[in-house]
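The values are calculated or read from the model by the stated rules, or taken from the named source; none is laboratory data. What you see is a predicted model; the values in this text were computed from it and never measured. Backbone-built Cβ (ideal geometry, glycine too); neighbour counts: all protein chains shown. Side chains included, ligands, DNA and RNA excluded: accessible areas come from the protein's heavy atoms. Shrake-Rupley method; radii C 1.70, N 1.55, O 1.52, S 1.80 Å.
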Amino acid sequence: MSEDFEVDVRGVHKAFGTLTVLDGVDLQVRTGEVTVVLGPSGSGKSTLLRLINHLDRADRGFISVGGELMGYRRSGDRLHELREREILKQRTKIGFVFQNFNLFGHLTALENIVEAPLSAQRRSRAEATAHARELLAQVGLADKVDAYPRQLSGGQQQRVAIARALAVRPEVLLFDEPTSALDPELVGEVLDVIKQLARDGTTMIVVTHEIGFAREVADTVVFMDAGRVVEQGPPAQLLDAPEHPRTKAFLHKVL
Ligand code: ADP
Ligand code: MG
């Protein structure tokens, strides 16, 4: 059913109390493709990423990462334990980059990056350290191995966070507004790293308001509003010839 898709979301619902935040969301991302998610504040973008990363659970629907489908139902769930094991397995396939970097302030760049490979994947310190140094070089921060987050600019911190997300050798990277906490002059250096990952064939879902980036990098652009996918398509279609009035209104505001 979902072999072709690295990420497969079907009919997902999520409510917080009486507030329905996701109202039957479907989203499929093929291996090696980049999906950019656009939408107004409060439309459910972060919630969707958190569900895909199993930081929170859906009320209904299916979510699969890496080919294994996971079902959710509201109650009476005897599969709970099985699902917890499956969740742990799927989470190791996912790298997550947050808006506010979320680096550990008391750890150096290198220590931030080796933390998950050492604790969750039980890789050897020597191997994890060598890999972390490679990743820091890849994001242009080879000289910041021993720097603490407070000694780095926002753009540098976010690049460390991307290196950290890559350290578990994920099959898919999720970005939640990776540049919206940055000063404008630092946005480019972070987008450049993400663009290079795209060229390398990394499967990614990127929530962002950077339309130029979406146009250049996305295979598919998804527009969400009020907990639903309103419209999706290749950038040339969704950004330049949107069909839905809500997509048009949103683009009119951000462009
Ligand atoms: P977006 O990322 O598109 O701005 P979110 O997914 O963050 O949207 O939020 C969608 C809606 O869900 C918002 O109305 C938000 O206030 C609400 N929401 C998100 N997380 C929670 C939570 N843990 N508890 C209650 N409401 C929440
Ligand atoms: Mg958000």
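Restrict the check to the stretch 121-137 and report whether at least one residue is within 24 Å of ALA198 (Cα to Cα) and in contact (Cβ under 8 Å) with a residue 40 or more places away in the chain. Before you say what the answer is, go through the steps one by one.
Quick first cut of the stretch 121-137, residues within 24 Å of ALA198 (Cα to Cα) only: 128, 130-137.
Remaining after also requiring in contact (Cβ under 8 Å) with a residue 40 or more places away in the chain: none.
No, because not a single residue in the stretch 121-137 is within 24 Å of ALA198 (Cα to Cα) and in contact (Cβ under 8 Å) with a residue 40 or more places away in the chain.
Restricting attention to the stretch 48-69, the residues being at negative phi, in contact (Cβ under 8 Å) with a residue 60 or more places away in the chain and open to solvent by less than 50 Å² (accessible area, probe 1.4 Å) number 6.
For the stretch 150-188, the tally of residues that are out of contact with any Phe, Trp or Tyr (no Cβ under 9 Å at 6 or more places or on another chain) and within 16 Å of ligand 1 (Cβ to nearest atom) stands at 1. For the stretch 172-186, the set of residues classified as buried (at least 19 other Cβ atoms within 10 Å of the Cβ) and away from ligand 2 (no atom under 16 Å from the Cβ) consists of VAL172, LEU173, listed by residue number. Looking at this structure, is THR208 crowded, with 20+ Cβ neighbours inside 10 Å and farther than 24 Å from ARG91 by Cβ? No, not satisfied.
Based on this model, can you work out whether ALA142 counts as aliphatic (A, V, I, L, M), open to solvent by 20 Å² or more (accessible area, probe 1.4 Å) and within 16 Å of ligand 2 (Cβ to nearest atom)? Please lay out each step first, then the result.
Details: aliphatic (A, V, I, L, M): yes; open to solvent by 20 Å² or more (accessible area, probe 1.4 Å): yes; within 16 Å of ligand 2 (Cβ to nearest atom): no.
In short, no.
Answer yes or no as to whether GLY201 is surrounded by fewer than 18 Cβ atoms within 10 Å (Cβ to Cβ) and over 24 Å from PHE101 (Cβ atoms). Judged against the criteria, GLY201 is a match. Inspection of the stretch 114-122 identifies at least one residue that is part of a loop (DSSP other than H, G, I, E, B) and of a type outside the set (A, V, I, L, M).
Do you know which residues across the stretch 29-41 are in contact (Cβ under 8 Å) with a residue 24 or more places away in the chain and either over 20 Å from LEU251 (Cβ atoms) or within 13 Å of ligand 2 (Cβ to nearest atom) (or both)? Write out each step before concluding.
Residues of the stretch 29-41 that are in contact (Cβ under 8 Å) with a residue 24 or more places away in the chain, as a first pass: 29-40.
VAL29, ARG30, THR31, GLY32, GLU33, VAL37, LEU38, GLY39, PRO40 - these are the residues of the stretch 29-41 that are in contact (Cβ under 8 Å) with a residue 24 or more places away in the chain and either over 20 Å from LEU251 (Cβ atoms) or within 13 Å of ligand 2 (Cβ to nearest atom) (or both).
Any idea how many residues of the stretch 13-28 are within 13 Å of ligand 2 (Cβ to nearest atom) and open to solvent by 10 Å² or more (accessible area, probe 1.4 Å)? Even if it seems obvious, please write down each step before you answer.
Residues of the stretch 13-28 that are within 13 Å of ligand 2 (Cβ to nearest atom), as a first pass: 21-22.
Pick out the ones that are also open to solvent by 10 Å² or more (accessible area, probe 1.4 Å) and you get 21.
The number of residues fulfilling the criteria is 1.
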